[in-house]
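Colleague: Encoded as structure tokens, here's the structure I'll be asking about.
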Amino acid sequence: MAAKPSRGAKGAAHPHLGEALPIERKLELYYWMRLTRTLEERLVALYRQTKVVGGLFRSLGQEADAVGSCYALDQRDVMSPLIRNLGAMLVKGATPVEVLKQYMAKGDSPTRGRELNIHFGDIGEAGKSRGFLGQISPLGDMVPVMAGVTLSFKMRGEDRVGLVYVGDGATSTGAFHEGINLAAVQRCPLVVIVENNGYAYSTPTSKQTAAKQFVDKAIGYGVYGERCDGNDVLAVYDCTKRAVDRARAGEGVQLLEFITYRRKGHAEHDNQSYVPAGEIEKWAAENDPLDRYLRVLLDREKVAQSAIDEIDARVVREVDEATDEAERSGFPEPMDALVGVYADPPAEKPLWFREGADTSKLGTERAEGWGTFDAKGGK
Amino acid sequence: MAEITYLEAIREALDEEMARDPNVFLIGEDIGVFGGAFKVTDGLVKKYGEGRVIDSPISEAGIVGAAAGAAHMGMRPVVEMQFIDFIANAYDMLTNYIATARYRAFLPTPMVVRGPSGGYVRGGPFHSQNPEAGFIHTPGLKVVYPATAEDAKGLMKAAIRDDDCVLFFEHKYLYRRIKGTMPAGDHVVPIGKARTAREGGDVSIITYAATVHKSLEAAERLAAEGIDVEVIDLRSLAPLDDEAIFNTVRKTNRVLIVHEDTRTGGIAGELTARINESCFAYLDAPVLRVTAHDIPLPYAPQLEDFVLPQVDDIVTAVRRLVAW
């Protein structure tokens with residue numbers, strides 16, 4: 001599917017911001033996409049070695065939409081990813097070693113073994129945080145949360161923008177509707193990206209919505225909407241960058257729909273029995289975002305193959321080093337599970353039947369004169 | 001100082017905290033120009049502007065979620081549920097998102113969700129509920145439910161200053177019936193501490209919210225029969241003040257738990273278990289409960305009064321404990 005030239009808010013043609021990027025930045029986009037794919041391939045290997053202790057979620061075939069969109073943000077902006085936005089996390093500053101430790105449930109992972117995969121975050125003041133906020137599993141929930149994050153930007157007069165990803169499935173949730181509607185009414189500087197990858201777990205988009213396209217929902221919310229080819233990284237960048245600029249300029253919520261395709265199952269266990277024969281193979285052969293971008297770089301931009309090989313080698317080296325470091329890390333101490341539910345009290349106490357519990361008050365306390373059986377035979 | 005109502009005490013706390021900390025803001029349905037369904041926020045939009053007293057769409061999940069996002073960024077939002085019954089619409093946001101945020105991702109979420117709760121007001125099934133038990137069951141949330149005007153103010157100030165999410169239940173039966181004189185200065189009541197509403201030596205009633213007043217009325221009647229009742233007002237339901245609970249059990253050895261919430265899965269069950277685990281040997285009688293029936297709260301006075309705990313029920317239960 002070829003990218004159609006996109007149009008700005010007033011219908012006027014505009015310069016293509018992706019194609020206008022200098023070559024070194026175009027190569028950065030390639031680096032992030034390649035890093036995403038290689039890191040996921042490494043995770044598959046670790047999963048098969050049972051070193052990934054939970055599920056594994058791939059974004060194979062969706063690297064362009066994650067990387068190209070997040071690349072349009074500034075350091076001070078805040079992004080909330082979906083499970084298939086590893087690429088966006090990496091662009092925003094999450095490191096391969098952090099991701100590996102999360103999947104491997106290590107004690108020094110960003111969440112100290114409490115959460116999995118890319119469910120972690122680093123948000124706060126501009127310049128003091130990397131600006132990403134991990135999703136939670138109930139889908140759509142991050143839309144209201146990001147409405148609030150961007151509401152705080154507006155209240156404080158901060159020049160910052162928020163970007164939140166949802167899938168085609170999450171648009172069916174109440175949280176999506178409530179979040180985008182509230183943000184629209186408040187004119188929050190929020191970009192909402194609907195990644196239409198064809199499936200929510202096993203459910204095709206035809207069973208998710210009767211709308212012809214997800215971007216049509218923009219009209220109902222009174223927000224700007226645009227649709228683009230999610231497997232064309234430069235088109236994704238172009239579309240998102242213009243949306244980010246509009247949000248930053250005070251034009252409120254932006255709803256973008258990226259057309260892409262999920263080539264792996266919901267998670268690694270999913271055998272995709274529900275996918276029509278040949279569909280995956282067709283997307284892999286004809287519409288792989290990395291293959292497509294390589295053609296752009298090599299054929300149109302006249303990048304030397306050696307420059308690509310150099311990036312590929314650097315990515316493998318970085319993933320190797322990160323894997324070694326993650327493998328060296330230990331697992332959490334069981335008692336660490338009790339720390340940090342509240343700011344105050346900072347920790348829970350172990351229950352009485354667990355080692356380390358304070359049992360001084362339990363079962364031994366007797367009211368005066370209360371008759372008890374004495375093991376020595378007396379009363 | 002003049003007496004003010006329970007409702008005015010809440011407003012005073014909101015006003016003082018908004019004046020003290022520019023990060024505090026209010027968001028809710030009809031809370032601005034209209035001042036809220038019960039007028040708790042009356043006048044605050046005039047004083048602080050629409051930027052800090054935000055009239056929201058009808059969108060409980062939306063505003064609770066947005067409050068969480070703003071709280072992550074260092075704001076201190078106070079969300080109004082027009083009636084606390086509607087908090088069910090934000091249950092996912094509160095239990096899955098907010099309650100877990102600090103633990104799973106080191107995300108501070110200092111925010112308050114407040115709203116008019118409870119029955120005895122002929123509100124019918126959707127304007128009378130006491131949904132606190134479901135939230136107490138969720139690690140990561142704090143829950144308070146004041147019975148006096150002084151506590152309403154002091155606990156609201158503590159809730160806004162707390163670094164975690166506090167659910168602040170306000171009893172609408174008490175809004176304008178109960179008055180109090182506010183202590184001078186910065187009046188903050190710590191979360192997690194119960195209050196002895198009445199000292200006594202024969203029987204302990206452990207309760208909270210509107211039934212504190214029902215229990216005090218019962219205690220007066222029982223005093224005429226020579227039964228000396230102690231009434232403990234929990235004030236905080238999460239965390240519970242175990243020390244205060246166990247102390248009164250050790251003192252009187254007879255315990256009645258009273259709550260307006262329905263019986264099965266209500267807080268009385270949790271309190272009974274804790275007393276059983278820690279103070280079994282101090283009990284001279286089984287722990288008894290006076291609660292609402294397990295019935296959605298009906299509208300007609302004859303029906304509502306039958307379903308909810310009344311002073312007569314408390315008197316009957318205390319007599320049974322004494323006679324055990």
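Colleague: When residues of region B:80-107 are filtered for being at the interface with another protein chain (Cβ under 7 Å from one of its Cβ atoms) and more than 15 Å from A:Glu178 (Cα to Cα), how many remain? It would help to see each step written out before you state the result.
Modeller: At the first step, the residues of region B:80-107 found to be at the interface with another protein chain (Cβ under 7 Å from one of its Cβ atoms) are B:92-93, B:96-97, B:102-105, B:107.
With the extra rule that they be more than 15 Å from A:Glu178 (Cα to Cα), the set shrinks to B:96-97, B:102-105, B:107.
Residues that pass the stated criteria total 7.
Colleague: Give me the residue from region B:270-297 that is in contact with a strand residue (DSSP E or B) (Cβ under 8 Å, 6 or more places away or on another chain) and over 21 Å from B:Asp312 (Cα atoms) and, out of that set, nearest to the other protein chains (Cβ to nearest Cβ).
Modeller: B:Leu283
Colleague: Name the residue, out of B:Ala9, B:Ala13, that is out of contact with any Asp or Glu (no Cβ under 9 Å at 6 or more places or on another chain), in contact (Cβ under 8 Å) with a residue 24 or more places away in the chain and away from chain A (no Cβ under 11 Å).
Modeller: Matching residue, one of B:Ala9, B:Ala13: B:Ala13.
Colleague: Next question, about the same structure. Do the conditions hold for B:Gly62, that is, is it open to solvent by less than 10 Å² (accessible area, probe 1.4 Å), more than 29 Å from A:Glu348 (Cβ to Cβ) and more than 12 Å from chain A (Cβ to nearest Cβ)? Steps first, answer last, please.
Modeller: Details: open to solvent by less than 10 Å² (accessible area, probe 1.4 Å): yes; more than 29 Å from A:Glu348 (Cβ to Cβ): yes; more than 12 Å from chain A (Cβ to nearest Cβ): no.
Criteria not met by B:Gly62.
Colleague: Have a look at A:Glu115, A:Glu98, A:Glu63 and point out the one that is farther than 29 Å from B:Asn23 by Cα, modelled with pLDDT of 95 or more and touching a Leu at 6+ places or on another chain (Cβ under 8 Å).
Modeller: Checking each option against the conditions leaves just A:Glu63.
Colleague: Taking A:Gly124, is it free of Cβ contacts under 8 Å to residues at least 12 places away in the same chain and within 14 Å of another protein chain (Cβ to nearest Cβ)?
Modeller: Yes; evaluated as a whole, the condition is true for this residue.
Colleague: For the condition under 22 Å from the mean Cα position of the chain (by Cα) and farther than 30 Å from A:Asp358 by Cα, what is the one hit in B:Leu321, B:Leu256, B:Leu308?
Modeller: Within the list B:Leu321, B:Leu256, B:Leu308, the selection yields B:Leu308.
Colleague: Test B:Pro183 against the stated conditions and say whether it is without any contact (Cβ under 8 Å) to a residue 60 or more places away in the chain and either surrounded by 23 or more Cβ atoms within 10 Å (Cβ to Cβ) or within 14 Å of chain A (Cβ to nearest Cβ) (or both). Talk me through it step by step, then tell me what you get.
Modeller: Values: without any contact (Cβ under 8 Å) to a residue 60 or more places away in the chain: yes; either surrounded by 23 or more Cβ atoms within 10 Å (Cβ to Cβ) or within 14 Å of chain A (Cβ to nearest Cβ) (or both): no.
For B:Pro183, the condition - without any contact (Cβ under 8 Å) to a residue 60 or more places away in the chain and either surrounded by 23 or more Cβ atoms within 10 Å (Cβ to Cβ) or within 14 Å of chain A (Cβ to nearest Cβ) (or both) - is not met.
Colleague: Another question, if that's okay. Of all residues in region B:134-155, how many are out of contact with any strand residue (DSSP E or B) (no Cβ under 6 Å at 6 or more places or on another chain) and more than 14 Å from chain A (Cβ to nearest Cβ)?
Modeller: Number of matching residues: 6.
Colleague: Take the residues of region A:279-304 that are in contact (Cβ under 8 Å) with a residue 40 or more places away in the chain, of a type in the set (D, E, K, R) and in a loop (DSSP other than H, G, I, E, B): which is surrounded by the fewest Cβ atoms within 10 Å (Cβ to Cβ)?
Modeller: My answer is A:Glu301.
Colleague: What single numbered condition from (1) within 19 Å of A:Leu35 (Cα to Cα); (2) crowded, with 19+ Cβ neighbours inside 10 Å fails to hold for A:Gly225?
Modeller: It is condition (1) that A:Gly225 fails.
Colleague: Here's a follow-up. Tally up the residues in region B:138-180 that are under 17 Å from B:Ile84 (Cβ atoms), of a type in the set (Ser, Thr, Tyr) and open to solvent by 10 Å² or more (accessible area, probe 1.4 Å), please.
Modeller: Final tally of qualifying residues: 2.
Colleague: Just one of the numbered conditions (1) within 18 Å of the chain's Cα centre (by Cα); (2) of a type in the set (D, E, K, R); (3) under 16 Å from B:Met73 (Cα atoms) is not true of A:Asp168; which one?
Modeller: (3) is the only condition that A:Asp168 fails.
Colleague: Also: Out of curiosity, is A:Val143 open to solvent by less than 10 Å² (accessible area, probe 1.4 Å), under 20 Å from the mean Cα position of the chain (by Cα), facing another protein chain (nearest Cβ under 8 Å) and touching a residue at least 60 places away in the same chain (Cβ under 8 Å)?
Modeller: Working: open to solvent by less than 10 Å² (accessible area, probe 1.4 Å): yes; under 20 Å from the mean Cα position of the chain (by Cα): yes; facing another protein chain (nearest Cβ under 8 Å): yes; touching a residue at least 60 places away in the same chain (Cβ under 8 Å): no.
So A:Val143 does not fit the description; no.
Colleague: In this structure, does A:Ala307 turn out to be within 24 Å of A:Glu28 (Cα to Cα), open to solvent by less than 50 Å² (accessible area, probe 1.4 Å) and either part of a helix (DSSP H, G or I) or of a type in the set (Val, Ile, Thr) (or both)?
Modeller: Working: within 24 Å of A:Glu28 (Cα to Cα): yes; open to solvent by less than 50 Å² (accessible area, probe 1.4 Å): yes; either part of a helix (DSSP H, G or I) or of a type in the set (Val, Ile, Thr) (or both): yes.
Yes.
Colleague: Pull out all pairs, ordered by first then second residue, where Cβ-Cβ is under 8 Å, the residues are six or more apart or on different chains, the first lies in region A:323-345 and is within 14 Å of chain B (Cβ to nearest Cβ) and farther than 19 Å from A:Gln102 by Cβ, and the second is assigned to a helix (DSSP H, G or I) and not acidic (Asp, Glu).
Modeller: From region A:323-345, the pairs are A:Val341/B:Arg102; A:Val341/B:Tyr103; A:Tyr342/B:Arg102; A:Ala343/B:Arg102.
Colleague: While we're looking at this one, here's another question. Any residue in region B:30-51 that is within 14 Å of chain A (Cβ to nearest Cβ), in contact (Cβ under 8 Å) with a residue 24 or more places away in the chain, open to solvent by less than 50 Å² (accessible area, probe 1.4 Å) and more than 20 Å from A:Glu178 (Cα to Cα)?
Modeller: Yes; the residues of region B:30-51 include at least one that is within 14 Å of chain A (Cβ to nearest Cβ), in contact (Cβ under 8 Å) with a residue 24 or more places away in the chain, open to solvent by less than 50 Å² (accessible area, probe 1.4 Å) and more than 20 Å from A:Glu178 (Cα to Cα).
Colleague: Further, regarding this structure: Just a yes or no: is a residue in region A:89-107 facing another protein chain (nearest Cβ under 10 Å), of a type in the set (D, E, K, R), open to solvent by 10 Å² or more (accessible area, probe 1.4 Å) and not in a loop (DSSP other than H, G, I, E, B)?
Modeller: Checked against the condition, which is being facing another protein chain (nearest Cβ under 10 Å), of a type in the set (D, E, K, R), open to solvent by 10 Å² or more (accessible area, probe 1.4 Å) and not in a loop (DSSP other than H, G, I, E, B), region A:89-107 yields no hits at all.
The rows are residues; the columns are (1) within 27 Å of A:Lys51 (Cβ to Cβ); (2) at the interface with chain B (Cβ under 9 Å from one of its Cβ atoms).
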| site | (1), (2) |
| --- | --- |
| A:Phe132 | yes, no |
| A:Ile136 | yes, yes |
| A:Gly148 | no, yes |
| A:Leu151 | no, yes |
| A:Lys154 | no, yes |
| A:Gly157 | no, no |
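Colleague: Moving on to the next point. Going through B:Pro110, B:Pro77 one at a time, which residue ends up being more than 8 Å from chain A (Cβ to nearest Cβ) and in contact (Cβ under 8 Å) with a residue 12 or more places away in the chain?
Modeller: Answer to the selection: B:Pro110.
The values are calculated or read from the model by the stated rules, or taken from the named source; none is laboratory data. Just so it is clear, the structure is predicted and the values come from calculations on it, not from any experiment. Positions of Cβ are backbone-derived with ideal geometry, glycine not excepted, and every protein chain shown enters the neighbour counts. Ligands, DNA and RNA are excluded from the accessible area calculation, which covers all protein heavy atoms including side chains. Shrake-Rupley method; radii C 1.70, N 1.55, O 1.52, S 1.80 Å.
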